[in-house]
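Contents: one structure, followed by commentary.
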């Protein structure tokens, strides 16, 4: 079976968005030019029947100051409509199953005889930023097809896009995944940490409660200037236990990142359970 890493390397992809650092977080930015009137693009953003074709099933409509729910077909988002200024801007909060919140703003501007669609997603942390960048690029590709009246086709490899954003903008991937080498399923994490290799190694092994799990895994460290890339591979003995193992490694690597920043990490059971539910929903038999 071909691993996700090998699939990523086999397909050349190009990030079409930007990840920008702000004083208080990050912003993910996309700009798409359409050869259609602004009112047409606005309708695609706001008509629930059109939104369903490229984003998800919207409960009701976007209403200023009101909460919304969006079924993404395998996931869900909820939030509040912060701004609604037809036919120019729509701003919403975007809350996911892990309790992470970002602010999304869509702007539709007249440009070159058509419309310029701008998407800005603002977040206080870099958590899931490369994954989100890859996901939004795919979603906007579907929007391109819907706007043109074509049947949506997903040609871009999400994993390759995620890795391309990480490389181009120097931001760490957050999620782990399950890959298979020589018939053996393994949990795999790649994290970039803004610290020295020695400090990252020490932080990875400092917690005695995590020591048994760490000793069972293979961890590789690569220094790159002032950052360190840590790659973790952990054999999955029972596919049913993969989500719990991924949740534990995810939380531990989050704690390592907090530790090397000089703060005291605290991992809650609530977060662990949320991560386990998240990975249970995203691991789709790749460990089998």
- Note on the structure: (1) at pLDDT below 95; (2) under 25 Å from residue 34 (Cβ atoms); (3) out of contact with any strand residue (DSSP E or B) (no Cβ under 6 Å at 6 or more places or on another chain) all hold for residue 125 apart from (2)
- Requiring at least 1 residues that are closer than 19 Å to residue 87 by Cβ, in contact with a strand residue (DSSP E or B) (Cβ under 6 Å, 6 or more places away or on another chain) and modelled with pLDDT of 95 or more, the helices (runs of 4 or more DSSP H) wholly within region 1-64 are 38-46, 48-54
- Query: Would it be correct to say that residue 31 is surrounded by fewer than 18 Cβ atoms within 10 Å (Cβ to Cβ), in contact (Cβ under 8 Å) with a residue 60 or more places away in the chain and within 18 Å of residue 132 (Cβ to Cβ)?
  - Reply: yes
- Note on the structure: Of the candidates 116, 70, 84, the one satisfying the condition of being over 26 Å from residue 191 (Cβ atoms), assigned to a strand (DSSP E or B) and touching a residue at least 60 places away in the same chain (Cβ under 8 Å) is 116
- Does residue 278 satisfy the condition of being assigned to a strand (DSSP E or B) and either without any contact (Cβ under 8 Å) to a residue 60 or more places away in the chain or closer than 14 Å to residue 176 by Cα (or both)? no
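Matching residues to (1) closer than 21 Å to residue 46 by Cβ; (2) crowded, with 16+ Cβ neighbours inside 10 Å; (3) over 15 Å from the mean Cα position of the chain (by Cα); (4) assigned by TED's automatic domain parsing to the domain that holds residue 12:
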{"site": "137", "(1), (2), (3), (4)": "no, yes, no, yes"}
{"site": "142", "(1), (2), (3), (4)": "yes, yes, yes, yes"}
{"site": "146", "(1), (2), (3), (4)": "yes, yes, yes, yes"}
{"site": "149", "(1), (2), (3), (4)": "yes, no, yes, yes"}
{"site": "153", "(1), (2), (3), (4)": "no, no, yes, yes"}
{"site": "157", "(1), (2), (3), (4)": "no, yes, no, yes"}
{"site": "168", "(1), (2), (3), (4)": "no, no, yes, no"}
- Message: Test of understanding: among 263, 254, 238, 277, which residue is within 19 Å of residue 186 (Cβ to Cβ), in the same structural domain as residue 187 (by TED's automatic domain parsing) and surrounded by fewer than 21 Cβ atoms within 10 Å (Cβ to Cβ)?
- Response: 238
- Can residue 121 be described as out of contact with any helix residue (DSSP H, G or I) (no Cβ under 6 Å at 6 or more places or on another chain) and either in contact (Cβ under 8 Å) with a residue 40 or more places away in the chain or closer than 30 Å to residue 192 by Cβ (or both)? yes
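The values are calculated or read from the model by the stated rules, or taken from the named source; none is laboratory data. Here the structure is a predicted model, which is why all the values come from computation and not from measurement. For neighbour counting, all protein chains shown are included, and Cβ atoms are generated from backbone atoms with ideal geometry for every residue, glycine included.
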